[in-house]
Amino acid sequence: MKKDRNISCVLKPKTAQQLDIMRSTGKLLAEVFEELKSYVKPGLTTAQIDLFAEKELYKRGLVSQAKGYRGYRHASCVSVNEEVVHGVPSETRFITDSDLVKIDICAKRNGLCADMTRCFAVGPSNKRIDRFVGAAYAALDAGVEHMIAGKRVGDISEAVQKTVEGYGYQVVRDFAGHGIGLCMHEDPEILNFGKAGVGPELIEGIALAIEPMITEGDYAVHILPDGWTAVTTDGLLAAHVEDTVIITKHGPEVITKL
Ligand code: MF3
Ligand code: CO
């Protein structure tokens, strides 16, 4: 989501029943990504990828939360190469070998949401892209590790930033992760940079969508004239990965998985 003002917030835990619904939403959304993994190929347009995602969501009773959101007209966001997030699916954007495609979907089922993003490196493997995408997943893992009751949002933010910068990449400042549940975007905001020990305290029973967005070069981004697509200003690659996580008494539980 677009970074908001960093306002303080009161976190409210979900009920056990709500969390169970979120788990099933998360699992079904992960299935859609499993289908996308075999579908995404050179020669497809990003609009075809979006249409495929929409059908796979529909089959599972999942409703895209992007479609209709502030006038957005597609089920998914498909961002290629220098596009960071909120890439608008297009009938003229063809995927080719060595493209880095990020697919972002937030879906609701039985009133509760899950949000997930994966990177798809198209064509033969490429060292530059593999290392870069590896850093994004490492940042995601590092952030999730801090999703423990009693820790603070800043602990997550710092872990993500340090991991990414440790690889020599940058974190995007203009977008953030977020609480999630009845709505796609709830409190708190989860920046991908910051200081440990600050921000709202995490409590058992909340759910968070953590989404590191990282750049190969400078972290500056701007929005294209379509009003949505965020691109790196220097034109270098961006990666984005996202999972939805419940804070349980046993620690973090990633729900966007099979
Ligand atoms: N994961 C994205 C986010 O939290 C989903 C955006 S849907 C869109 O911002 F409609 F805003 F594109
Ligand atoms: Co999100």
Query raised in the report: If you go through region 221-231 one residue at a time, do you hit one that is in contact with an Asp or Glu (Cβ under 8 Å, 6 or more places away or on another chain), among the acidic types (Asp, Glu) and in contact (Cβ under 8 Å) with a residue 12 or more places away in the chain?
Result: no
Query - Tally of residues being over 17 Å from the mean Cα position of the chain (by Cα) and farther than 21 Å from residue 16 by Cα across region 197-218 - result: 7
Query raised in the report: Taking residue 78 and the conditions (1) within 15 Å of ligand 2 (Cβ to nearest atom); (2) of a type outside the set (Ser, Thr, Tyr); (3) assigned to a loop (DSSP other than H, G, I, E, B); (4) at pLDDT 95 or above, which numbered condition does it fall short on, given that it satisfies the others?
Result: (3)
Query raised in the report: Going by the structure shown, is residue 83 away from ligand 1 (no atom under 16 Å from the Cβ) and modelled with pLDDT of 95 or more?
Result: no
Report summary line: Within region 26-85, residues more than 21 Å from residue 258 (Cβ to Cβ) and among the small types (Gly, Ala, Ser) come out as 43, 47, 66, 68, 71, 79
Report task. For residue 95, indicate whether it is open to solvent by less than 40 Å² (accessible area, probe 1.4 Å), within 20 Å of residue 244 (Cβ to Cβ) and touching a residue at least 24 places away in the same chain (Cβ under 8 Å). Result -> no
Query raised in the report: So is residue 164 aliphatic (A, V, I, L, M), over 14 Å from residue 246 (Cα atoms), open to solvent by less than 10 Å² (accessible area, probe 1.4 Å) and within 14 Å of the chain's Cα centre (by Cα) or not?
Result: no
**Report entry** Scan of region 52-70 for residues that are free of Cβ contacts under 8 Å to residues at least 24 places away in the same chain, surrounded by fewer than 17 Cβ atoms within 10 Å (Cβ to Cβ) and not in a loop (DSSP other than H, G, I, E, B), ordered by number
**Finding:** 55, 58, 59, 70
Report summary line: Here the residues within region 199-234 that are surrounded by fewer than 22 Cβ atoms within 10 Å (Cβ to Cβ) and at positive phi are 205, 227
Query raised in the report: Would a scan of region 98-105 turn up a residue that is surrounded by fewer than 20 Cβ atoms within 10 Å (Cβ to Cβ), in a helix (DSSP H, G or I) and away from ligand 1 (no atom under 16 Å from the Cβ)?
Result: no
Query raised in the report: Quick one: in region 1-37, which of the residues that are part of a helix (DSSP H, G or I), touching a residue at least 12 places away in the same chain (Cβ under 8 Å) and open to solvent by 90 Å² or more (accessible area, probe 1.4 Å) is nearest to residue 116 (Cα to Cα)?
Result: 27
Query raised in the report: Which residues, counting only those in region 235-256, are open to solvent by 50 Å² or more (accessible area, probe 1.4 Å) and in contact with a Ser or Thr (Cβ under 8 Å, 6 or more places away or on another chain)?
Result: 236
Query raised in the report: So how many residues does region 115-133 have that are within 16 Å of ligand 2 (Cβ to nearest atom) and in contact with an Asp or Glu (Cβ under 9 Å, 6 or more places away or on another chain)?
Result: 4
Requested in this report: Filter region 179-196 for residues that are open to solvent by 10 Å² or more (accessible area, probe 1.4 Å) and more than 23 Å from residue 214 (Cβ to Cβ) and give the result.
Outcome: 182, 183, 186, 187
**Report entry** Of all residues making up region 110-140, the number that are assigned to a strand (DSSP E or B) and either of a type in the set (Asp, Glu) or open to solvent by 70 Å² or more (accessible area, probe 1.4 Å) (or both)
**Finding:** 1
Report summary line: The strands (runs of 3 or more DSSP E) lying wholly within region 146-258 that contain at least 3 residues that are within 16 Å of ligand 2 (Cβ to nearest atom) and at pLDDT 95 or above are 177-179, 186-190, 207-210, 238-240, 243-248
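The values are calculated or read from the model by the stated rules, or taken from the named source; none is laboratory data. None of the values given here were measured: they were computed from a predicted structure. Using ideal geometry, Cβ is built from the backbone for each residue, glycine included, and neighbour counts are taken over all protein chains shown. Remember, those area values only see protein heavy atoms, side chains included, never the ligands or the DNA or RNA. Shrake-Rupley method; radii C 1.70, N 1.55, O 1.52, S 1.80 Å.
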